[in-house]
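Asker: I have a structure I would like to understand better, so I am pasting it below and will then ask my questions one at a time.
Bear in mind these aren't lab numbers, they're just calculated from the coordinates by the rules spelled out. Everything quoted here is computed from the prediction, not taken from an experiment. As a convention, Cβ positions derive from the backbone with ideal geometry for all residues, glycine included, and neighbour counts pool all protein chains shown.
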């Protein structure tokens, strides 16, 4: 099912994210997806060598999820493949019946576990979206015709609403929309007021936006993200909340409460939510329940 | 010669939409680099103007500039070039120039050209050989043929399957790089070595952004330390810097030229057969810019005749046969302490003692310390920025009190309030001694400057230490300063405290081809040959002997010349031989010229005797430091050409 | 612009086999040549092995100059088993081409610096992309000022205006945005999606491979 169709129907679209393992055994991943996500979310994102750490491929994992009856979102970054490989993989995704793409630039190679690798970046997120659109029109990026029917995807992109340079992000968002982005998932939001302000400006593009949620596991993680992760800032009050009752936080209850609260606050301003559980997939049902979804 | 020009005008179809909503254009073009230097119009200004004109755009002006990416020189020019009414600046240059202008100009800046790419980077000479700067040189595995540049796929483990008849699949004109490598290794009998090579995996993180950005920062700081330009020649001071001063043994005969200074030669006041004593005046200064000459020994005048001089051919000299006694002349007596002397008295003593700048220029010190304008600072040049030389260094270490005394004398004579001793950071022992000895002197400061040549040049030193720029054609006094050399103030001290005129000086005898280097206190008039012989002679026939340092010293073809007041060193070094090639506009001369000139033009103008061109490029500002010539990638004798130009202008051409 | 760094000492030691002639190039020393480190290492090599000559010249990338400068050393070079060159990759290749039958080795690795040859290392760099983007970016180069050379805007990796690759490096696209903002030209960013043409720079350059 294409996410765009869900948005058109006026659904509050719920997605979650899974990260493939560093190896080819995905029983655990599939089990968790079955147990906690199936029937609760509209679609499941599969990350593409997230943080430049080499893992099982996103495309193969998408296929495995699809076979289990889940609706996968194929995440594609420009870090590891040139335009030939990217286009080829997009066609492969079409063959597997994968209908949703999320187009990203990707973290730099030097940040991952194979820092000696050649960073490709032949394209970037914007030109990747543009290229998907071209494939959908029946020709490749260079203008050569495709055989048979053209593939059709729901094309997603990302944006950081709480970035310290939100104006620059908005400019990029506009470029992505122009290039073909049909929906957006955001970087983790911890400051609803910032998100709401952002959405007031992003409204003009007329493209649905899913609020991004990363479940805060503990104060240490929040502090780490503040120091190191782009586009994220966890307010001090939230860090205090995480520190107050360590046992509660450890059990995941604080994280669930915070996540649900943010969703509730932001829900009137956006068209969906995207939960990045990072191993806490089991908490997704509780969050959704508490948020009233 | 390859043409590595790095940009070309964008096409009309691309420029037209960029121009669409812009008017009142100013066009700035870079005169191209890395190509044969012709004086013809090089950038494609005309073509751009035609495209803009066809769209009905108003051109408010245009300019062509050399080395647009040289931010320092471009910034100085841009202000004057850019008219107020210019709204949009279009730059015809490579990406470096465009970015430089975009950074400097307050107005919107647009690119009218594209940079041309080459795989890899060329060397300074314009040949086809290139390097991709992969940070992990593979040449040792491949017989000196680069697999990164010479293979289209930059393969590092051998040929791909795409070569046909030894040609590359990408370009049939191109030899397969790996085929070349294999052949070369085969010819050298290294096939097995090639086959046994372990698997290579390229590490793209070797080109580390952080390292490079920090490196750029450090090089730029080094380059602009204190003043623009300059170079860092190999110092080689370790040969002599640790060697204490030794009094050079008496020689039998001294030859004392009557011209060892700037200005008119002195007139001889002794005749053949006269008995003279050490310190006795034997030549009388003729006019204000001239200097007295004294005997450095006691003995008999055996000739007053032209004798070979290090720089001026044959010069009238007084030849004295020493009696070996060194009896001092009765005029040699202490003049008292500084407090008891008036500024005028100090100047008289200095003049009487025949003291001239001992750094080489030989300008009479008595004139210098009585400047036409008030000065606030006396700068003592303890940089000794010439490689190899260590004479001033030793004087600072061993005669620190005399140096300080001399500085105080100059302060009193000139009326300046502050004395600064500038020492380069390669002489920490001198810095330490001078600092400890001047610690309680409020008006004397020791400044440490990072080593860079030609830091000791007056104008550079003033800029570096005082941050003041001596105007073109001006003197240090114009910015309130006097610059003096270390040995010179030592001589001033000797003249006041001992009553000794300038009859001896410290000379470094050194160089990698000098057998036993040393620092000697040498009597003026001592033949260079005696110095060289005393130091064990040279170690090879393949040698150049110079009076002075390797940068500004004079080559001596005959060692039968005397040590003079300005002789700070005798060096024996490996000869520099070179053949001049055509100028390729690499811009390095302009990059290192401390006077911010563009020496490449002089090489061009000398050929056509374009004296007007010399003037326009401010040739008279050249201090002949030879930075340009040293760095010239085409080995052009730039300073000789500059001298020709200066001479022609002085002759009124 | 090229800079040279010494290879690992043990790697160099294994190269200097038999009678060895060393050639140093100081042509780009004002840019970078590890002069003191090289001298130190060569002293050690001389003490241990059979270094028959150490030649220090400049601009050995000029084959005419190289030939001229080596003239008086040719006997020693001919008798040598190995010629070890301390220079950038261009210099080593020039020596290897000139001394066709000699084992010519590189003692250095070569790294790039911003700015082209002959120009002082600059704060600006040009990637010679052949399709200058500066008109869209307020004169700040997205190819060289952005770690990923992105041409359609900022990636999500910058934090506090700094690049994800190096926290000391300003995000190029952030700079571009601020510059255009200052010039009141933010509309410039509304350009058609850019797709780089990697063939372009080589297509019509006369020296193209």
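Asker: Less than 18 Å from a label point 7 Å out along the Cα-to-Cβ axis of residue B:234: which backbone N atoms in the stretch B:557-590 qualify, by residue?
Answerer: Correct set: B:571-578.
Asker: What 222 nm value per residue comes from the helices of chain B, counting each DSSP H run with n ≥ 4 as -39,500 (n - 2.57) and dividing by all residues, nearest 500 deg cm²/dmol? Don't skip to the end; give the middle numbers.
Answerer: On the way: 21 runs with 185 residues, N = 653.
Only helices count here, giving -8000 deg cm²/dmol.
Asker: Could I ask something else about it? Set the Förster distance to 22 Å, then compute FRET efficiency between residue B:206 and residue A:111 from the Cβ-Cβ distance, nearest 0.05. Before the final figure, lay out the partial values.
Answerer: Working: r = 17 Å, r/R0 = 0.75.
Rounded to the nearest 0.05, the efficiency is 0.85.
Asker: Moving on to the next point. Treating the angle as unsigned and between 0 and 90°, give the value, to the nearest 10°, between the Cα long axis of helix B:95-104 and the longest Cα principal axis of chain B.
Answerer: Computed tilt is about 70 degrees.
Asker: For residue A:223 and residue A:203, what is the calculated FRET efficiency with R₀ set at 35 Å and r taken between the beta-carbons, to the nearest 0.05? Write out the running numbers ahead of the final one.
Answerer: Details: r = 33 Å, r/R0 = 0.93.
The formula returns an efficiency of 0.60 here.
Asker: Using the count of nearby Cβ atoms within 10 Å as a rough guide to exposure, how do B:87, A:17 rank from fewest to most?
Answerer: Numbers: B:87 14, A:17 25.
In increasing order of surrounding Cβ atoms, one gets B:87, A:17.
Asker: Just the C-alpha atoms of the stretch C:2-203: what Rg/Rh do they give, with Rh taken as the Kirkwood radius?
Answerer: On the way: Rg = 22.6 Å, Rh = 19.9 Å.
On the Cα set of the stretch C:2-203, Rg over Rh gives 1.14.
Asker: For the stretch B:451-563, divide the Cα radius of gyration by the Kirkwood radius and give the resulting Rg/Rh value with two decimals.
Answerer: My calculation of the ratio gives 1.05.
Asker: May I ask you to derive the relative contact order of the stretch B:338-497, considering only C-alpha pairs under 8 Å and at least 6 residues apart, and to give it as an integer percent?
Answerer: Details: 279 pairs, mean separation 53.5, N = 160.
Normalised by residue count, the contact order of the stretch B:338-497 is 33 percent.
Asker: Under 8 Å for C-alpha pairs, at least 6 residues apart: give me the relative contact order for the stretch A:56-203, rounded to a whole percent. Spell out each step's value before the answer.
Answerer: On the way: 218 pairs, mean separation 29.7, N = 148.
About 20 percent, as a whole number.
Asker: In a Gaussian network model over chain A where Cα atoms closer than 10 Å are linked, find which of A:150, A:227, A:16 has the largest mean-square fluctuation.
Answerer: In the Gaussian network model the winner is A:227.
Asker: So how tilted is helix C:89-98 from the main axis of chain C? Cα-based, degrees 0 to 90, rounded to 10.
Answerer: Value to nearest ten degrees: 40.
Asker: Would you tell me the mean number of C-beta atoms belonging to other protein chains that fall within 10 Å of each C-beta in C:169-179, as a whole number? Working shown, then result.
Answerer: On the way: counts 3, 0, 3, 0, 5, 5, 1, 2, 7, 3, 4.
Across the residues of C:169-179, the mean count of other-chain Cβ atoms within 10 Å is 3.
Asker: Can you compute the modelled spin-label distance between residue B:651 and residue B:302, with each label point 7 Å from Cα toward Cβ, in nm?
Answerer: Placing both labels 7 Å along Cα→Cβ, they lie 4.0 nm apart.
Asker: Still on this structure, I have one more. Using Cβ counts within 10 Å as a stand-in for footprinting exposure, how do B:164, B:368 rank, fewest first?
Answerer: Values: B:164 10, B:368 24.
Lowest to highest Cβ neighbour count: B:164, B:368.
Asker: Take every DSSP beta bridge with both residues inside the protein assembly as shown and express the antiparallel ones as a percent of the total, to the nearest 5. All intermediate terms of the calculation are to be shown ahead of the outcome.
Answerer: On the way: 52 of 139 bridges.
Percentage antiparallel, nearest 5: 35.
Asker: Using helices alone, I'd like the mean residue ellipticity at 222 nm for chain C: each DSSP H run of four-plus residues gives -39500 (n - 2.57), total over residue count, nearest 500.
Answerer: On the way: 9 runs with 68 residues, N = 209.
Only helices count here, giving -8500 deg cm²/dmol.
Asker: Taking every DSSP beta bridge that has both residues in chain A, what percent is antiparallel when rounded to the nearest 5?
Answerer: Working: 1 of 33 bridges.
Antiparallel bridges make up about 5 percent of those DSSP assigns within chain A.
Asker: Place the peptides B:428-441, C:85-98, B:471-484, B:251-264 in order of packing, highest mean first, counting for every residue the other Cβ atoms within 10 Å and averaging per peptide. List each step's numbers first, then the result.
Answerer: Values: B:428-441: 15.4, C:85-98: 27.5, B:471-484: 18.4, B:251-264: 22.2.
Put in order of decreasing packing, that is C:85-98, B:251-264, B:471-484, B:428-441.
Asker: Measure nothing but the geometry: give the 0 to 90° angle between the long axis through the Cα atoms of B:400-414 and the longest principal axis through the Cα atoms of chain B, rounded to 10°.
Answerer: Around 90 degrees separate the two axes.
Asker: Could I ask something else about it? For the stretch B:7-196, which semi-axes, largest first and in whole Å, follow from the square roots of 5 times the eigenvalues of its Cα gyration tensor? All intermediate terms of the calculation are to be shown ahead of the outcome.
Answerer: Details: eigenvalues 417, 64, 35 Å².
Largest first, the stretch B:7-196 gives 46, 18, 13 Å.
Asker: If you don't mind, there's one more thing I want to ask. Could you list the residues of the stretch A:56-75 with an amide nitrogen less than 20 Å from a label point located 7 Å from the Cα of residue A:31 in the Cα-to-C-beta direction?
Answerer: Flagged as within label range: A:56, A:61-62, A:64-70.
Asker: Another question, then. As a test, work out the antiparallel percent of DSSP beta bridges whose residues both lie in chain B, rounded to the nearest 5. Can you show the working numbers first?
Answerer: Working: 44 of 83 bridges.
So the antiparallel bridges amount to about 55 percent of the total.
Asker: When every alpha-carbon pair in the stretch A:98-172 is counted, what percent end up more than 18 Å apart? Please report the intermediate quantities before stating the final value.
Answerer: On the way: 1566 of 2775 pairs.
Distances greater than 18 Å cover 56 percent of the Cα pairs.
Asker: Run the numbers on the stretch B:588-650 and let me know its relative contact order in percent, using alpha-carbon pairs under 8 Å that are six or more apart. Don't skip to the answer; put the middle values down first.
Answerer: Numbers: 76 pairs, mean separation 25.5, N = 63.
Worked out over the stretch B:588-650, it gives 41 percent.
Asker: For the protein assembly as shown, what's the radius of gyration and Dmax over Cα atoms, in angstrom?
Answerer: Answer for the protein assembly as shown, Rg first and Dmax second: 36.7, 123 Å.
Asker: If the convex hull of the alpha-carbon atoms of chain A is projected onto planes in all directions, what is the mean projected area in square nanometres?
Answerer: Values: hull surface 59.0 nm².
Result: a mean projected hull area of 14.7 nm².
Asker: When chain C is modelled as a GNM with alpha-carbon springs shorter than 10 Å, which of C:113, C:189, C:66 fluctuates the most?
Answerer: In this elastic network of chain C, the residue with the biggest mean-square fluctuation among C:113, C:189, C:66 is C:189.
Asker: For chain A, what does the helix formula give at 222 nm: sum of -39500 (n - 2.57) over DSSP H segments with n ≥ 4, over the residue count, nearest 500 deg cm²/dmol? Kindly include the intermediate steps, with their values, before the conclusion.
Answerer: Values: 12 runs with 118 residues, N = 293.
That comes out to -12000 deg cm²/dmol.
Asker: Please work out how much length the chain gains when fully extended from residue B:447 to residue B:284, using 0.36 nm per residue of separation minus the C-alpha to C-alpha distance, in nm with one decimal. Spell out each step's value before the answer.
Answerer: Working: separation 163, 0.36 × 163 = 58.68 nm, distance 3.77 nm.
Additional length available on full extension: 54.9 nm.
Asker: Based on the Cβ-Cβ distance of residue A:1 and residue C:199, what FRET efficiency does E = 1/(1 + (r/R0)^6) give at R0 = 56 Å, to the nearest 0.05? Please list the in-between numbers first.
Answerer: Working: r = 40 Å, r/R0 = 0.71.
With a Förster radius of 56 Å, E is 0.90.
Asker: Counting only the backbone N, which residues of the stretch B:99-116 are under 17 Å from the spot 7 Å out from the Cα of residue B:54 toward its beta-carbon?
Answerer: In the stretch B:99-116, the label zone of residue B:54 (backbone N under 17 Å from the point 7 Å along Cα→Cβ) covers B:112-113.
Asker: Can you compute the modelled spin-label distance between residue B:326 and residue A:54, with each label point 7 Å from Cα toward Cβ, in nm?
Answerer: Output for this residue pair reads 7.8 nm.
Asker: Here's another thing I want to ask about it. With label points built 7 Å along Cα→Cβ from the Cα atoms of residue B:376 and residue A:96, find their separation and express it in nm.
Answerer: It is 7.6 nm.
Asker: On the Cα set of chain B, report Rg and Dmax in Å, please.
Answerer: Answer for chain B, Rg first and Dmax second: 30.1, 95 Å.
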